[in-house]
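Participant: Questions regarding the structure given below will be posed in turn.
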Amino acid sequence: MSLPVAPGRARSRRRKEALAALPWLAPTLLLIAGVVIYPAYLMFWTAFQKYNSYGILQGPAGWSNFFGKGGAFTFPTVPWTSVWTNTVIWVVVVVIMTLALSLLLAQFLSKDFPGRKALRLLVLLPWACSVVLTTTVFRYGLQGDVGIFNRFLVDTGILNVPYGFTKDPTAAFWVAVFVAIYVSLPFTTYTILAGLQSVPNDILEAAHVDGANAVQRYWQVVFPMLRPAIAAATLINIINVFNSLPILTILNDNGGYHTGHTTTTLIFQFKAQLGPGVASALSIANFLFCLVVVAFYFWIVKPTKEVQ
Amino acid sequence: MATKGGVFRKPNPWTTAIVAVIVAVFFSFPYVVMVISSLKTRAEITQQPPDYLPTSPQWVNYLDVWGYQAVDPGQALLSSIVVALGATLLVLLVATPASYYVARYRFPGRMAFLLLVLITQMLQPTVLAIGLYVEFVQWKGYLVWLALILINAAFNLSFAVWIMQSFFASVPKEIDEAAMLDGLGRLQTMFKVSLPLVWPGIVTAIIFVFVNTWNEYAAAFVLRNDKLQTLPVAIPSFLGQYVKEWHFMFATAVVAMIPVIILFSMIEKRLIGGLTAGAVK
């Protein structure tokens, strides 16, 4: 039990403790302030500045980068219906399919069989190799002329003739959905595997003794205990998938404002063609969405409870 | 163990083997295709329709690619090595004292600090890419390396702080206190007593930061210049409008891939705890 301390003295002690911590934390705080918070501020500032076609600053722009003649949300020829639909499909389909496949895969990899360790390492491959490298293989394989996957699809009778997937924005988009699921599987599977390890064996045995069959044991014992792992993996995946740039851009051989964009790839298209002001305007929308997901993460997963 | 009680019934070995083979093929086929394609001649890789295998493997591609003028993979490899090593070193220097102090002491603002760290873990260079571009666009020439080192260090810092603080916290406080009673200062205690005990945590953080930086795309893409690009940005540019050097691109990709596969497999077991920030044990 600590003795009651006068409020003034307690406050000065608290200040002293905080000051003692500062030298240890200062480098981390400086780096976060300089390279995470400052660019976020710059992005907001840039969104309200006018740039000419050479990217030279022209002065304040008000809201014209958002809703002006050449604004992010009003620029003609941008197929906005496709962009919004793509963005929603992209995040929802990739995240849900990744989760469903990872649940199956993790269940399999948690079994005891010879070669399990090697197999787990193989599953890690798409995570270790950069997304860019993995995507370039699919870009090559699905070329209409030289693509090796096209040859395979024709040889196995799935296709009659090779198809130029990367030339067609819609086909390229769906290939990108597949690749995005593919590269998200390792992280999600490993997170669920870690969750599976936290399910105590004696609880499963007790459920078995009580007459629960395998399906009941999974849905009524294992699955509820996986909830924290699923919540964490899902929310992290939403951010990662939403922010994914290289898969969609590398797989699409089309230029300009085609019908295969999401809001993230559109930002980089805007930056190349309309300058940083308009690109920032759209980035802010993306940034706010990410902050909402982060808020959900803290609300549902409560990651800070570990370090009380 | 596995056979006891009926719950942990041994699965049918044949079904298991078949599923295992399907999983193995599914997760390795792009990389096998990558290696095979890197061993084809230019004529073979542009043949229509293509053959599955080269008539004889062209190991010489792995030598010739370095002399290829349009992309300069040697420069890209050097850029990737410098940026990844620089970011890793910077993270280590910055995250070690922070994670040690957070694990060892309670102080006002501790939770706020950890919250800030966790928020940056959820954000990515991609969503701030335009802001980063505006901040660093004037950093020309080799300063691009420094810019990318700072960016990658900042966005990977949180993972390192998180995993290292959990390792520091697992070392009994009494060991530190004994050292300090013997007259060591806080800094000396951290270096001489705690650090050697949390070595596995540090190795995990190092490798994870290295691999993430090695693979980072968005910031490296907006800050690229003609002379300096990292591998993920340089590799797709083997494919020009008219000339597509698929075989050279895949040879470079294999070179870029092998070191990170080895490093990543070394920390396989410890990847989860840090990434989901303790939500999963």
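Participant: Tell me the label-point distance for the pair B:Ile262, A:Trp219, using the 7 Å Cα-to-Cβ offset, in nm and rounded to one decimal.
Facilitator: 4.9 nm
Participant: On a 1.4 Å probe surface of the protein chains, which of A:Leu29, B:Leu85, B:Leu195 comes out largest in accessible area, and what is the full order? Walk me through the intermediate numbers first.
Facilitator: Details: A:Leu29 60, B:Leu85 100, B:Leu195 30 Å².
My answer, sorted largest first, is B:Leu85, A:Leu29, B:Leu195.
Participant: OK, next. Output the residues of the range B:70-110 meeting this criterion: accessible area (heavy atoms, 1.4 Å probe) in the chain alone minus accessible area with all protein chains in place is 20 Å² or greater.
Facilitator: Output list: B:Val94, B:Pro97, B:Ala98, B:Tyr101, B:Arg106, B:Phe107, B:Pro108, B:Arg110.
Participant: With only Lys, Arg, Asp and Glu charged, each at its Cβ (+1 for the first two, -1 for the last two), find how big the charge dipole of chain A is about the Cα centre; round to the nearest 20 debye. Spell out each step's value before the answer.
Facilitator: Working: 20 positive and 10 negative charges, 250 e Å.
In debye, rounded to 20, chain A gives about 1200.
Participant: Counting pairs of Cα atoms in chain A, how many percent are more than 29 Å apart?
Facilitator: On the way: 26018 of 47278 pairs.
Percent of Cα pairs beyond 29 Å in chain A: 55.
Participant: What residue among A:Gln143, A:Met225, A:Leu125 has its Cα farthest toward the positive end of the dipole of chain A, where the charges are +1 on Lys, Arg and -1 on Asp, Glu, each on the Cβ?
Facilitator: Of the options given, the answer is A:Met225.
Participant: Okay, moving on. Rounded to the nearest 10 Å², what accessible area does A:Asp112 have for a 1.4 Å probe in the complete protein model?
Facilitator: Only protein atoms counted, so the area is about 80 Å².
Participant: Follow-up. Calculate what fraction, in whole %, of the accessible area of the range A:54-193 sits on carbon and sulfur atoms when a 1.4 Å probe is rolled over the protein chains. Before the final figure, lay out each step's value.
Facilitator: Numbers: 4230 of 5960 Å².
Summing carbon and sulfur atoms, their accessible area is 71 percent of the total for the range A:54-193.
Participant: Which entries in B:Lys140/B:Lys227; A:Lys117/B:Lys269; A:Lys167/B:Lys244; A:Lys111/B:Lys10; B:Lys10/B:Lys269; A:Lys167/A:Lys271 show an alpha-carbon gap greater than 18 Å?
Facilitator: Details: B:Lys140/B:Lys227 10 Å; A:Lys117/B:Lys269 11 Å; A:Lys167/B:Lys244 16 Å; A:Lys111/B:Lys10 9 Å; B:Lys10/B:Lys269 24 Å; A:Lys167/A:Lys271 23 Å.
Over 18 Å apart, Cα to Cα: B:Lys10/B:Lys269; A:Lys167/A:Lys271.
Participant: If you don't mind, there's one more thing I want to ask. As a test of the definition: with a 1.4 Å probe, what buried accessible area, both sides summed, do you compute for A against B, in Å² to the nearest 100? Provide the component values of the computation, followed by the final result.
Facilitator: Details: alone 18840 and 16920 Å², together 26450 Å².
Looking at A and B, the buried total is near 9300 Å².
Participant: May I pose another question? Report the residues of the range A:80-115 in range of a label on B:Ala17: point 7 Å along Cα→C-beta, backbone N strictly under 12 Å from it.
Facilitator: What the label zone holds, given the 12 Å backbone N cut-off, is A:114.
Participant: While we're on this one: Using a 10 angstrom Cβ neighbour count of at most 13 plus a DSSP loop assignment to flag exposed chymotrypsin sites (Phe, Trp or Tyr not before Pro), which longest range of chain A is free of such sites?
Facilitator: Working: sites that count: A:Tyr54, A:Trp63.
It works out to A:64-308.
Participant: Here is a further query. Would you mind telling me the share, in percent, of accessible area of the range B:84-172 contributed by carbon and sulfur at probe 1.4 angstrom?
Facilitator: Numbers: 1970 of 2740 Å².
Roughly 72 percent of what the probe reaches on the range B:84-172 is carbon or sulfur.
Participant: If you don't mind, there's one more thing I want to ask. Where in the range B:1-105 are there trypsin sites (Lys or Arg not before Pro) that are in a DSSP coil and have at most 12 other Cβ atoms within 10 angstrom of their Cβ?
Facilitator: Working: sites: B:Lys4, B:Arg9, B:Lys40, B:Arg42, B:Arg104; in loops: B:Lys4, B:Arg9, B:Lys40.
Listed in order of number, the matching sites are B:Lys4, B:Arg9.
Participant: A follow-up question, please. Suppose R0 equals 35 Å. What FRET efficiency, 1/(1 + (r/R0)^6) with r the Cβ-Cβ distance, do B:Phe29 and B:Glu174 give to the nearest 0.05? Before the final figure, lay out each step's value.
Facilitator: Values: r = 53 Å, r/R0 = 1.50.
Efficiency, from the Cβ-Cβ distance: 0.10.
Participant: Can you list residues from other chains, or at least 5 along the same chain, whose modelled amide H is less than 5 Å from the amide H of A:Gln49?
Facilitator: Under 5 Å from the amide H of A:Gln49: A:Ala61.
Participant: Leaving ligands, DNA and RNA out of it, rank A:Val222, B:Val137, A:Val88 by accessible area with a 1.4 Å probe, largest first.
Facilitator: Values: A:Val222 10, B:Val137 45, A:Val88 90 Å².
Descending order: A:Val88, B:Val137, A:Val222.
Participant: Write out the trypsin sites (Lys or Arg not before Pro) in the range B:128-204 meeting two conditions: DSSP loop, and at most 16 other Cβ atoms within 10 Å of their Cβ. Write out the running numbers ahead of the final one.
Facilitator: Working: sites: B:Lys140, B:Lys173, B:Arg186, B:Lys192; in loops: B:Lys140.
When the trypsin sites (Lys or Arg not before Pro) of the range B:128-204 are filtered for loop state and at most 16 Cβ neighbours within 10 Å, B:Lys140 remain.
Participant: A further question on this structure: I'd like the residues of the range A:225-251 whose 1.4 Å-probe accessible area shrinks by no less than 50 Å² going from the isolated chain to the full set of protein chains.
Facilitator: So the qualifying set is A:Asn243.
The values are calculated or read from the model by the stated rules, or taken from the named source; none is laboratory data. Bear in mind that the values here come from a model prediction, so they are computed numbers and not experimental data. Because the Cβ atoms are built from the backbone with ideal geometry, glycine has one as well, and the counts that use them run over all protein chains shown. Heavy atoms of the whole protein, side chains included, go into the accessibility calculation; ligands, DNA and RNA do not. Shrake-Rupley method; radii C 1.70, N 1.55, O 1.52, S 1.80 Å.
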